[in-house]
Every structure is written in C-alpha cells, then in structure tokens.
Amino acid sequence: MKIGTKVNLVLIIVFISGILFSGILLSNVLEKKAENEVTSKAEILMEIANSVRRYTNDRVQPLLLPKLDTQEQFIPEAIPTFSSREVFELFRKNKEYANFVYKDAAPNPINLRDKPDEFEGEIVKRFRQEPSLKTLSGFRTRSGEKLFYSARPFRIEKQSCLRCHTTPEKAPKSLIVTYGKDNGFGWKLHQIVAAQIVYVPAANILNNATRSWLLIMGVIGIIFTAIFIIMNQLLKKIVLLRVKKIANVAEQVSLGDMNANFGKESQDEIGDLAAAFNRMKYSLEMALNMLNNNRN
C-alpha cells in the first residue's frame, strides 16, 4: 500500500468513527431535548387542570353542594373532576390543541367516560403497587398517533371527597338518579382511585428533532469531507510529491547522472532528507573520481 492510500484509509476510519459517534451523541441530545419539551407542555397542562380542580373544590363546590340534595337533577359542575375535564375540552376546541387530551382514568368511576383503557389501567395499577411513585411518563400510540403521556396518582386526601363515593345510601339522591348506583362507590380515604393523565402530541416535536439531526449531520459530513480533501491535498503537496521527486532524482543518480540535484526546498524533515541525499551524491561523486584517478 502506498503512503497516500494508508493515510486515506486511516482518515476514512477516523472520520467514519467520528461521524457515527457524533451522530449517536447528537441523536441522544436531541431526543432528550424533544422529550423535555413535551414533558414541559404536559406538566403545564397538568397544573392548569389541577388549578381548575382546586378552584372548583374551594370556591364552587361549597355553593353547589347544598343544592345536590334538593334538586332531582345532579349538578356535575360541583365535581372538580368534571370541571377540569370540561375546561380542557374547551381548550381543545382550538385546532392547534385538538389532539391534546386530559383524563382522570379511574377503574371505578361515577361517570363511565373516565373509565381507563387497558394501557391506562396498567398505570393506575402501578401507582397502587408503588405508593411512593409520584409520576410516570413515556410514549404510546393512540388512534394511530404517537403521543407523550404524563401521569400522576390521584389519591383521596379529604373526607369531603368521599361524600359521593362511599355508599349509594350516603350519596346525594340526584347523583344516583343521574349516574345510577353501580359505579363509583367504595372509595376510601388515602386510597389511589385514579391516575391523572395528560396526552401531548409528540410526532411534530420528534420530527423536528429528526430534521435537526439530519441537518446537523449533513453539516458535519460536509465539514469532515472538506477536511479530508484539504488533508489529502496538503499530504500530496507537502510530502508525497516531494518524496517522489527525491526518488526520481535518486534513480537518475543511480544511472550515472551526477548533474541531478535533490534540492533543498525547505527547513523541514523532507528538506533535511534532500540535503542528506545531496551530501551522499557528492560523497559518491568524490569516491568515483578517486577510483578513476587510482586507475589512471
């Protein structure tokens, strides 16, 4: 293998390794950035839903609870879960946020629209199995769309929350009339009864991360290619052509052409090599002259 081929092979191996390493590292960074972005959106929406829940619980519920026993029709606006869900549905009417979803997934809900699917049921189950777990998040595909979910356990912390969920006999009559007495009862204080889950569309954010990765990798590829070409040209001009010139002159000298000169173009190592070959040529020329004189 020639020197140029060896150097090129080493450069190709180094550049490919560098590009692969950079690509993997960059992919991880961009993926983490995208995940942090959707996590931030999910947490903001979760806090908004909880703010509506707290407002309903502290300000609206005290006004509406006395009417629950006197009216035949149940007033769902008195329930924090209903209010937060309805506010979120208004939020989703904006086309930009139509694919965002909020849900209080409860295995035993009063309102059956809060019933969890199999995936959400597993989240509630895990929260119950690991009471110290504060949050769960990740990706899932729902209705053909990739979504990022963020979930928190919903635990009964106040005795007042059990007014509608202990037994049908203790629940407001209007609630029984509206929802029946088959679901949503038997809850206990400090029990995890549901999981608050926010779904955020992740496809666009992940696609943007992929496009950024491709763009940056393209720039890195161009830079590495430019460096490869420049190094090849420098290697050819500074080393290979000069070494080849010295080899050609050495061949001429070996054939008896003592007028050939190796030259000394610079003060670097190849220049020193040329100077050494010139000294060797002069020594050889002197030796040949002495030999010819002795013969004469």
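We did not get these values from a lab; they are worked out from the coordinates using the rules stated. Keep in mind the model is a prediction, meaning the values are calculated, not measured. When we count neighbours, we look across all protein chains shown, and the Cβ atoms used for this are built from the backbone with ideal geometry, even at glycine.
Using a Cα-Cα cut-off of under 26 Å, which lysines could be cross-linked to LYS245, ignoring same-chain neighbours fewer than 8 residues away? Here the lysines satisfying the reach criterion relative to LYS245 are LYS2, LYS6, LYS236, LYS237, LYS264, LYS281. Among PRO76, PRO168, PRO66, the residue with the largest mean-square fluctuation in a Gaussian network model of the chain, with springs joining Cα atoms closer than 10 Å, is PRO66. Within the shell defined by Cβ-Cβ distances under 14 Å, the residues around ASP69 carry a net charge of +2, with Lys and Arg each +1 and Asp and Glu each -1.
Measuring spread by the Cα atoms of the chain yields a radius of gyration and Dmax of 39.9, 142 Å. Rounded to the nearest 10 degrees, the inclination of helix 118-129 to the longest alpha-carbon principal axis of the chain is 80 degrees.
Once both labels are positioned 7 Å from their Cα atoms along Cα-to-Cβ, the gap between ASN8 and LEU215 label points is 3.4 nm. Of all stretches in the chain that contain no GluC sites (Glu not before Pro) in a DSSP loop with at most 15 other Cβ atoms within 10 Å, the longest one is 170-264.
In the stretch 96-161, what trypsin sites (Lys or Arg not before Pro) fall in a loop by DSSP, with at most 12 other Cβ atoms inside 10 Å? Walk me through the numbers on the way to the answer.
On the way: sites: LYS103, ARG113, LYS125, ARG126, ARG128, LYS134, ARG140, ARG142, LYS146, ARG155, LYS158; in loops: LYS134, LYS158.
Those that pass, being in a loop and sparsely packed, are LYS134, LYS158.
Helices in the chain, meaning DSSP H runs of at least 4 residues, each add -39500 (n - 2.57). Divided by all residues, the mean residue ellipticity at 222 nm is -19500 deg cm²/dmol.
For the residues LYS95, LYS32, LYS41, a GNM of the chain with alpha-carbon springs under 10 Å puts the largest fluctuation on LYS95. Taking Cα atoms only, the orientation of helix 203-235 departs from the longest principal axis of the chain by about 10 degrees. Positive-end ranking of GLN129, LEU189, ILE222 along the dipole of the stretch 119-262, with charges on Cβ about the Cα centre, is headed by LEU189. Applying the criteria of a DSSP loop state and at most 16 other Cβ atoms within 10 Å to the trypsin sites (Lys or Arg not before Pro) of the stretch 200-272 yields LYS264.
With N as its number of residues, the stretch 220-295 has a Cα radius of gyration that, divided by 2.2 N^0.38 Å, comes to 1.58.
Taking the Cα atoms only, what angle lies between the long axis of helix 3-55 and the longest principal axis of the chain, rounded to 10 degrees? Result, in degrees: 20.
Stretching the chain fully between SER22 and ASN261 yields a gain of 81.2 nm (0.36 nm per residue, less the alpha carbon separation). Bridgeable lysines around LYS170 (alpha carbons under 22 Å apart, same-chain partners fewer than 8 residues away excluded): LYS67, LYS158, LYS181, LYS188. A straight chain from PHE139 to TYR97 at 0.36 nm per residue would run longer than the Cα-Cα distance by 13.3 nm.
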